[in-house]
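Please read the structure below before turning to the comments.
Taken together, the values in this text are just the output of simple stated rules run on the coordinates, not laboratory data. Note that the coordinates shown come from a computational prediction; the quantities given were computed from them, not determined experimentally. Here the Cβ is made from the backbone with ideal geometry for all residues, glycine too, and neighbour counts use every protein chain on show.
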Amino acid sequence: MNLFRRHPIALTLLALVVISAFDPLPALVDPATGAPPADADLTHPLAYVVAAPFSDVLDALTFLSLDRARALLAAWVVGLAAFGALRPGPPRRRVARALLGPIALLALGGAAATLPRSVPRLVTTDSALTVIDYHAHTSASHDGRRGWTALDLARWHAAQGFEASYVTDHNVLFDQRVQQPIPLLPGVEWSVAGQHVVALADTLPIDRGRFDRDTRSLLALFGELHRHGALSIASLPEYWRAHWDDVDEFVAAGLDGFEIVNCAPKALAFPDARRRQVLALAAAHDLLVVGASDNHGWGKVTCVWNLVVSGVRGYRSNQVVARPLALAQGEWLPWTAAYTQPWLMFRSLSWSERCSWITWILVVFIYRAVPRRAGDAGGLGILARSLEVFRLRWPGKPMTL
């Protein structure tokens with residue numbers, strides 16, 4: 001008990017890493033079946049595994065829905081500030097501790113959005129499958145990261161195992177020809193009547209005003225895109241938030257498919273019950289269902305990939321595989337994020353990541369727990385021992401090395 005009182009954080013983390021191993025989450029799941037995919041898995045670069053505590057925390061912050069991110073931030077800022085302020089010490093030190101925790105948390109959030117780092121990579125065992133992203137942005141979009149070029153986007157996708165990606169900037173046609181490190185395919189995301197429609201093809205501009213008046217005018221867009229030779233995909237979260245009662249009309253008007261997973265914070269809250277309704281609708285009408293990174297240049301990891309089967313059309317032409325941590329965002333109330341997100345993160349760890357966590361915890365624990373020798377200089381743990389521990393005793397007086 002005395003050991004736990006002195007080192008509660010290290011021992012609590014160690015317990016969570018070990019206990020969560022008894023109820024692990026798979027690395028990937030197929031949202032349509034809830035089962036791990038047979039032909040795909042995630043690999044973790046050595047740098048990612050070595051820095052697993054840092055890497056996993058950044059991934060967990062990236063895969064928060066917007067409401068859960070706000071709730072987690074509020075709870076942890078208050079908790080960390082209180083923890084620092086209530087620890088014993090002079091008032092100035094207590095104020096510094098109260099500020100340090102929230103500042104560190106905000107720094108982690110910034111690192112999750114912008115810091116270059118190693119990321120997991122999807123690998124497949126079936127050479128007939130092509131790994132594609134159907135929805136991503138460059139700086140040409142009004143909300144794209146400044147300076148985020150098509151080449152940056154291609155490199156971002158290639159690092160995570162994608163073999164091709166559509167570029168779907170907001171109301172802007174993609175006319176670049178990028179082939180390396182992966183080919184980028186032309187598309188566009190049209191914003192009309194409160195709905196975002198992803199058009200997949202080397203298409204022509206449209207007069208958005210014709211389709212932006214109301215839902216009835218929006219329905220005409222799907223036929224217009226067909227005349228331009230493009231497939232139309234209803235994007236999340238718009239059809240869920242703004243047009244849920246219209247999805248049957250979307251299908252009747254010629255919509256080609258639905259996003260069922262989207263990595264944008266607003267879309268991650270899509271509930272599994274609604275996802276299953278869309279899957280049933282798509283299966284009944286042989287429509288395409290896809291996942292979308294919806295990358296805008298922020299964040300270094302994706303939550304979803306698409307495995308495209310060549311020579312097949314409709315519902316069975318594409319398999320979506322996603323990170324369970326991201327899919328869980330729609331199943332937990334926002335106010336629970338402060339404790340459910342860390343728990344989901346620990347359940348998501350691979351065995352190599354767990355070993356890395358345990359190693360780091362033990363290293364820090366030993367560093368903090370080994371007592372100082374009497375008379376040693378002040379400091380922390382084992383590294384606080386001064387060179388006096390190597391004192392050599394000569395006749396008449398000691399000598400310190």
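The H on the amide N of LEU287, modeled in the peptide plane, is under 5 Å from the matching H of TYR315, each at least 5 residues off or on a different chain. Computed as a quarter of the hull surface, the mean projected area of the alpha carbon convex hull for the chain stands at 25.6 nm².
Legend: ranking of residues VAL320, VAL251, VAL50 from fewest to most surrounding C-beta atoms inside 10 Å; resulting order VAL50, VAL251, VAL320.
Listed from fewest to most Cβ neighbours within 10 Å, the set TYR367, TYR134 follows the order TYR367, TYR134. One decimal place: the segment ARG210-LEU46 gains 53.8 nm when fully extended, by the rule 0.36 nm per residue minus the C-alpha distance.
Taking label positions 7 Å along the Cα-Cβ direction at both GLN176 and ARG155, the computed distance is 1.2 nm, reported to one decimal. Give me log10 I(q)/I(0) at q = 0.26 Å⁻¹ for segment 158-225, Debye formula, one equal scatterer per alpha-carbon, no solvent. Evaluating at q = 0.26 Å⁻¹ gives log10 I(q)/I(0) of -1.08. You can think of it this way: the chain between SER127 and ASP272 has 49.2 nm of extra reach, that is 0.36 nm per residue less the Cα-Cα gap.
Once you put a point 7 Å from the Cα of ASP143 and another 7 Å from the Cα of ILE9, both along the Cβ direction, what distance in nm separates them? Roughly 3.5 nm, to one decimal.
Across segment 242-248, computed HN-Hα scalar couplings (Karplus, 6.51 cos²θ - 1.76 cosθ + 1.60, θ = phi - 60°) run 10, 9, 4, 6, 10, 5, 5 Hz from first to last residue, x flagging Gly and Pro. Dividing the summed helix terms, -39500 (n - 2.57) for each DSSP H run of n ≥ 4, by the number of residues in the chain produces a 222 nm estimate of -12500 deg cm²/dmol to the nearest 500. I want to verify a result. In a Gaussian network model of the chain, Cα cutoff 10 Å, which of these has the top mean-square fluctuation: ALA252, ALA27, ALA326? Sorting by GNM fluctuation, first place goes to ALA252. Note on LEU106 and CYS355: their simple-model spin labels are 3.9 nm apart, each label 7 Å out from Cα toward Cβ. The Cα center of segment 338-353 and the Cα center of segment 232-306 differ in position by 26 Å. If you take every DSSP beta bridge whose two residues both sit in the chain, what share of them, in percent to the nearest 5, is antiparallel? For the chain, the DSSP antiparallel bridge percentage is about 65.
Each part reduced to its alpha carbon centroid, segment 1-70 and segment 184-207 end up 36 Å apart. The order of THR336, THR138, going from fewest to most other C-beta atoms within 10 Å of their C-beta, is THR336, THR138. First measure r as the distance between the Cβ atoms of VAL363 and ALA35, then evaluate 1/(1 + (r/R0)^6) with R0 = 25 Å and state the FRET efficiency to the nearest 0.05. Between VAL363 and ALA35 the formula returns 0.10. Amide H to amide H distances under 5 Å link LEU185 with SER165, TYR166, VAL167, where only residues 5 or more positions off or on other chains count and H is placed in the peptide plane. For the pair ARG70 and ALA284, the difference between a 0.36 nm per residue extended length and the Cα-Cα distance amounts to 73.3 nm. Along segment 168-178 the Karplus relation, 6.51 cos²θ - 1.76 cosθ + 1.60 evaluated at θ = phi - 60°, assigns HN-Hα couplings of 10, 5, 5, 6, 10, 6, 8, 10, 8, 10, 9 Hz to successive residues, with x for each Gly and Pro.
Here the Karplus relation 6.51 cos²θ - 1.76 cosθ + 1.60, evaluated at θ = phi - 60°, turns the backbone of segment 232-241 into coupling constants of 10, 10, 6, 8, 8, x, 5, 5, 6, 7 Hz, with x for every Gly and Pro.
For VAL370 and GLU331, the FRET efficiency from 1/(1 + (r/R0)^6), where r spans their Cβ atoms and R0 equals 45 Å, is about 0.55.
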